[in-house]
Amino acid sequence: MSHRVAITRRIPEPGPSLVAAVAGEVVANHDDRPLTRDELLSLVSGCDAVLCLLTDTIDSDVLDAAKGCKIVANMAVGYNNIDLAAATARGILVTNTPGVLTECTADLTWALILGVARRVAEGDVEMRAGRFPGWGPLYMLGGDVTGKTLGLIGPGRIATAVAMRARGFDMKILYHGRRSSPSLDAIGAEAVDLFRLLAESDFVSLHVPLTSETHHLIDAKALARMKPSSYLINTARGPVVDEKALVKILREGGIAGAGLDVYEDEPAMAPGLADCPNALLLPHLGSATQGTRAAMSRIAAENLVAVLSGCKPPNLLNPEVWRETT
Ligand code: DGY
């Protein structure tokens, strides 16, 4: 049977080749830009499978346009861009790419922790501007990292990888989540309530998926519970933080700083954030290494190919659909 497969954006190999090997026809956006809504609706129409990215909003209209589609394979671990309930209601399988981006996202979390505390980007700007006045005992002092307390919200794979690295910095580790984490417990991390984590941590690092429960989990009240000397780190999803409230507290010095890789309304930022010198701002680079993006491409394609070959995909997010169709 000949399958028509949509790929919504230019992605690295080997995903495109793996898909091409089983698909009768591949309709792809060959540009490195997200499709407009109309382009997306038109691309997916009549497709048996869709390989998409976190920059594509896959809602009920898109799922209806993809009538007859068997699988939506997201090339991301987060899948808040897909209306999972709407896909499930239509009997469409949805998959993601967990695991392969854990280590590099943990690395980037650490780049933000060290970068914001030790003012790395600010220092680089000073040097390039020729403003380095020479070593001074009070010049560009930052926050300490070694021996401090790291608070992890959302104790999944990435949080655990961040905690493993924190051991090298001799940090006390607190975590908060809906469930306890045997892997975090095993390295001596302490499960605490959110209130205590916010109040005691020197670095609060976010690792929760974006859901209706985690939307604005870190709001003005939560930020006010953090210590004035503490830092907020977000490599999860922007809307977990109320960005306007964050700008306010950064301006007022209510916390020492923030290291952000994700934003509420990407690619835009809340007004004033770019003017906060105590914010280290990266453009959603958590998984942006060559090896990781290739692995994500491979896994997204493998999920899609499995379904087109009649097999259960390895990273299925709505297993109830598989049970219903088999
Ligand atoms: C993901 O896969 O969810 C990441 O945010 C991509 O960088």
Between region 296-322 and region 97-143, the Cα center-to-center distance that results, in Å: 39 Å
Region 206-250, relative contact order [Cα under 8 Å, separation at least 6], %: 56 percent
Per residue, in Å², the accessible surface of the chain once ligands and nucleic acids are set aside, probe 1.4 Å: 47 Å²
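Over all directions, how big on average is the projection of the convex hull of the alpha-carbon atoms in region 131-171, in square nanometres?
Values: hull surface 18.0 nm².
If I average the Cα hull's projected area over directions, I get 4.5 nm².
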12 Å beta-carbon shell around Leu246, net charge (K/R +1, D/E -1): -2
Length released on extending from Met140 to Ala274, taking residue separation times 0.36 nm less the Cα-Cα span: 46.3 nm
Net charge over other residues, Cβ less than 14 angstrom from the Cβ of Ala163 (K, R count +1; D, E count -1): 0
All-pairs alpha carbon distance profile, region 104-193, 5 Å steps from 0, percent: 3, 13, 21, 19, 14, 10, 8, 6, 4, 2, 0
Sequence-distant residues sharing a close amide H with Val26 (under 5 Å, placed H): Val5
Among 71-80, 261-270, the order from most to least packed when residues are scored by Cβ within 10 Å on average: 71-80, 261-270
Pairs of Cα atoms farther than 21 Å apart, region 102-281, %: 46 percent
Region 194-232 and region 57-95: distance between their alpha carbon centers, rounded to Å: 31 Å
Sequence-separation-based contact order of region 102-281, relative, with Cα cut under 8 Å and 6+ spacing, percent: 21 percent
Accessible surface of region 102-281 [probe 1.4 Å, protein heavy atoms]: carbon and sulfur percent: 55 percent
Average projected area [Cα convex hull, the chain], square nanometres: 18.1 nm²
Residue-averaged [θ]222 nm for the chain, counting only DSSP H segments that reach four residues, each worth -39500 (n - 2.57): -10000 deg cm²/dmol
Cα long-axis angle, helix 290-308 against the chain (0 to 90 degrees, to the nearest 10): 30 degrees
30 Å Cα-Cα reach of Lys70 towards lysines, excluding residues that sit fewer than 8 places from it in its own chain: Lys312
Percentage relative contact order, the chain, counting C-alpha pairs under 8 Å, at least six apart: 20 percent
Highest to lowest packing among 83-94, 123-134, scored as the average C-beta count within 10 Å: 83-94, 123-134
Segment Thr289-Trp322, length gained on full extension (0.36 nm per residue, minus Cα span): 8.6 nm
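The values are calculated or read from the model by the stated rules, or taken from the named source; none is laboratory data. Predicted model only: the values in this text are computed from it and were never measured. So basically every Cβ, Gly included, is an ideal-geometry build from the backbone, and we count neighbours across all protein chains shown. Heavy atoms of the whole protein, side chains included, go into the accessibility calculation; ligands, DNA and RNA do not. Shrake-Rupley method; radii C 1.70, N 1.55, O 1.52, S 1.80 Å.
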